[in-house]
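The values are calculated or read from the model by the stated rules, or taken from the named source; none is laboratory data. For clarity, every value in this text was computed on a predicted model and none was experimentally measured. Please note: Cβ atoms are built from the backbone with ideal geometry, for glycine as well, and neighbour counts cover all protein chains shown. All accessible areas refer to the heavy atoms of the entire protein, side chains included, with ligands and DNA or RNA removed. Shrake-Rupley method; radii C 1.70, N 1.55, O 1.52, S 1.80 Å.
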Amino acid sequence: MADSVIVGQYVETHSIFHRLDPRLKLVSIVILMLSFLMLGTWLSYAVATVFVFGILLLSKVPIHFFWRGLRPLLFILLFTFLYNALFTKGTVLWSWSFIEVTEEGLRTGLRFVWRIILLILLASVLTLTTKPLDLAYGLEKLLAPLSKLGVPVEQFSLMIVIAIRFIPTIKEELDRILLAQKARGYDLAALSLPKRIFAYIPIIIPLLFTTIQRAEQLSYAIDARAYGNGKGRTSYKVLRFQQIDYLAGGIALLFAVILLWLKIGKV
């Protein structure tokens, strides 16, 4: 079950994306995500889909791994689709009582869901192909100019990466607690929905307790290594842009320009 959470996990496949500079990956991901906001026509969605699946294939991370990550979000995606299909005004295709399904609603819902899936897959590639420490280091370097304004960049970048890394850890802890409850004969699946909501209380409390305990242990470990406020730290790995980084950045920028052209030209 923990494998279903792809955010915060790192998979070593020795792909070209694993060798890219983390600063370049962060900037490129932001550019690509902003460009996805310009998706409007079906052609632009098709181009973006081919581009994202090309990235997934080049990352060499098994496709079924991404599917397991999307599976827990199916309910949210279905809700988003139905909300738009039922509450968007337009040409009525089917109606029953006060419920109406419109052609415009189906299009809008499909586009929203499609865009969300692409964004999730794209964000997953970043964490799956970048080690948390490299991600923190890259984020720290990108935000370095803000330190002159008194912003605690080092602490902020470390906090972001720890938060991302903790997601699968919390999920693993939840699985362990659920298994322990099942071993005691406490099966949530056998309960009705109202009872199941209250039944989660004895699960959430130990989950919060163990999460706080892990956070406390982590803070002790950081203090034991004399991390301090993070300023003036040196790194074994020195980040330098290589030719492949410039090439990858150029491709991301070109792709964003193509989507902008499709948006303006309404192609």
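Table for the structure above
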| read-out | value |
| --- | --- |
| All positions within the stretch 242-267 that are touching a Leu at 6+ places or on another chain (Cβ under 9 Å) and open to solvent by less than 70 Å² (accessible area, probe 1.4 Å) | Ile244, Asp245, Ala248, Gly249, Ala252, Phe255, Ala256, Leu259, Leu262, Val267 |
| Evaluation of Leu122 against (1) open to solvent by 50 Å² or more (accessible area, probe 1.4 Å); (2) within 30 Å of Thr13 (Cβ to Cβ) (one fails), failing number | (1) |
| Criterion: at pLDDT below 90, open to solvent by 20 Å² or more (accessible area, probe 1.4 Å) and either over 26 Å from Ile258 (Cβ atoms) or touching a Gly at 6+ places or on another chain (Cβ under 6 Å) (or both) - qualifying residue of Met1, Met38 | Met1 |
| Members of the stretch 222-241 found to be under 27 Å from the mean Cα position of the chain (by Cα) and exposed (fewer than 11 other Cβ atoms within 10 Å of the Cβ), listed by number | Lys237, Val238, Arg240 |
| Filter pass, Ala189 being open to solvent by 60 Å² or more (accessible area, probe 1.4 Å), farther than 21 Å from Arg19 by Cα and either in contact (Cβ under 8 Å) with a residue 24 or more places away in the chain or part of a helix (DSSP H, G or I) (or both) | yes |
| Residue ID - nearest to the chain's Cα centre (by Cα), chosen from residues in the stretch 192-221 that are of a type in the set (Ser, Thr, Tyr), under 26 Å from Ile162 (Cα atoms) and open to solvent by less than 80 Å² (accessible area, probe 1.4 Å) | Thr211 |
| One residue from Leu262, Leu254 being within 30 Å of Gly40 (Cα to Cα) and out of contact with any helix residue (DSSP H, G or I) (no Cβ under 7 Å at 6 or more places or on another chain) | Leu254 |
| Test result for Lys182, open to solvent by 40 Å² or more (accessible area, probe 1.4 Å), of a type outside the set (A, V, I, L, M), within 30 Å of Arg240 (Cα to Cα) and in contact with a helix residue (DSSP H, G or I) (Cβ under 9 Å, 6 or more places away or on another chain) | no |
| Cross-chain or 6+ apart pairs with Cβ under 8 Å, the stretch 141-166 first and at pLDDT 85 or above, then polar (S, T, N, Q) | Leu143/Ser157 |
| Subset tally (residues that are out of contact with any Leu (no Cβ under 6 Å at 6 or more places or on another chain) and in a helix (DSSP H, G or I)) for the stretch 37-47 | 4 |
| Subset tally (residues that are β-branched (Val, Ile, Thr) and outside any helix (DSSP H, G or I)) for the stretch 54-87 | 1 |
| Residue within the stretch 54-73 that is among the charged types (D, E, K, R), within 30 Å of Val161 (Cα to Cα) and open to solvent by less than 30 Å² (accessible area, probe 1.4 Å) present | no |
| Output for the stretch 138-160, where each listed residue is in a helix (DSSP H, G or I), more than 21 Å from Arg240 (Cα to Cα) and in contact with a Leu (Cβ under 9 Å, 6 or more places away or on another chain) | Phe156, Ile160 |
| Residues satisfying the stated conditions in the stretch 90-133, i.e. more than 25 Å from Ser35 (Cα to Cα) and under 23 Å from the mean Cα position of the chain (by Cα) | Lys131, Pro132, Leu133 |
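For every residue, the table says whether it meets (1) touching a strand residue (DSSP E or B) at 6+ places or on another chain (Cβ under 6 Å); (2) part of a loop (DSSP other than H, G, I, E, B).
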{"position": "Lys89", "(1), (2)": "no, yes"}
{"position": "Leu93", "(1), (2)": "yes, no"}
{"position": "Leu121", "(1), (2)": "no, no"}
{"position": "Ser124", "(1), (2)": "no, no"}
{"position": "Ala136", "(1), (2)": "no, no"}
